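Student: Have a look at this one before I ask anything.
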């Protein structure tokens with residue numbers, strides 16, 4: 001097994017970091033790795049906003065659900081779907097690019113591009129001995145996040161990424177059985193196979209939580225996820241995306 005694979009397989013979310021800023025060299029390397037990610041048709045439809053201002057970090061923490069590690073980290077990044085520059089490209093070249101920019105396809109391209117860049121950052125940071133934690137909570141209130149970060153139309157902040165020197169080494173959460181996520185040649189629709197796999201996974205996750213919490217918690221994965229999905233959240237997202245002029249058609 002090579003070091004890259006070891007780094008990927010050793011991933012875990014870190015929520016406690018040393019009070020030690022990343023160096024300029026580390027940040028430059030991490031952003032270079034982001035830009036080395038694959039991008040659909042070379043469109044490069046994303047931007048990354050680095051947050052060093054402590055007041056902005058504090059506000060983002062509040063908007064994300066008062067997560068302390070949004071403030072306490074070595075560096076905080078916000079990944080954005082970005083088609084603003086592509087509007088400018090149309091103006092430069094005298095082409096009508098707006099129908100394409102406002103299509104669901106290009107919206108999906110921007111989401112995928114940003115996600116690929118972010119995962120490159122995660123792997124790069126972890127390979128440097130740093131820890132990371134994705135922060136989806138910034139989508140709790142994108143109106144306020146957008147105002148805080150001064151993002152223009154056609155730019156949507158998607159998620160944050162806290163990076164820093166770890167102060168903890170948490171256990172690694174077991175993932176779904178391979179049979180639940182890997183299909184050969186076609187999607188396997190055997191319901192009994194799925195139910196058996198989920199039952200097996202529930203036992204694994206329940207044992208994981210029980211061991212991790214000293215018996216204070218033993219919930220199952222399906223119970224946890226069903227509860228989360230039943231409690232609808234961020235249901236304003238479609239309206240916000242349309243208002244941002246990234247997905248109207």
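Here's the yes/no breakdown for (1) in contact (Cβ under 8 Å) with a residue 40 or more places away in the chain; (2) touching a strand residue (DSSP E or B) at 6+ places or on another chain (Cβ under 9 Å); (3) surrounded by fewer than 14 Cβ atoms within 10 Å (Cβ to Cβ):
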site	(1), (2), (3)
4	yes, no, yes
10	yes, no, yes
53	no, no, yes
57	no, yes, no
73	yes, yes, no
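Student: Can you say whether residue 217 is in contact (Cβ under 8 Å) with a residue 24 or more places away in the chain and either in contact with a helix residue (DSSP H, G or I) (Cβ under 6 Å, 6 or more places away or on another chain) or assigned to a loop (DSSP other than H, G, I, E, B) (or both), as far as the supplied structure shows?
Tutor: No, not satisfied.
Student: Considering only residues that are farther than 30 Å from residue 131 by Cα and touching a residue at least 12 places away in the same chain (Cβ under 8 Å), look in the range 101-121 and name the one that is surrounded by the fewest Cβ atoms within 10 Å (Cβ to Cβ).
Tutor: First, pick out the residues of the range 101-121 that are farther than 30 Å from residue 131 by Cα: 101-106.
Among the residues that remain, those that are also touching a residue at least 12 places away in the same chain (Cβ under 8 Å) are: 101-104, 106.
On the way: 101: 23, 102: 18, 103: 16, 104: 12, 106: 24.
Checking each candidate, the answer is 104.
Student: May I ask you to verify whether residue 19 is at pLDDT below 95, in the same structural domain as residue 162 (by TED's automatic domain parsing) and surrounded by fewer than 14 Cβ atoms within 10 Å (Cβ to Cβ)?
Tutor: yes
Student: Can residue 170 be described as in a loop (DSSP other than H, G, I, E, B), at pLDDT 95 or above, within 24 Å of the chain's Cα centre (by Cα) and surrounded by fewer than 14 Cβ atoms within 10 Å (Cβ to Cβ)?
Tutor: No.
Student: Given the criteria under 22 Å from residue 147 (Cβ atoms) and either in contact with a strand residue (DSSP E or B) (Cβ under 8 Å, 6 or more places away or on another chain) or not assigned by TED's automatic domain parsing to the domain that holds residue 137 (or both), does residue 78 qualify?
Tutor: In short, yes.
The values are calculated or read from the model by the stated rules, or taken from the named source; none is laboratory data. None of these values were measured; they are calculated from a predicted model. Counting neighbours? That spans all protein chains shown, and the Cβs are built from the backbone with ideal geometry, glycine included.
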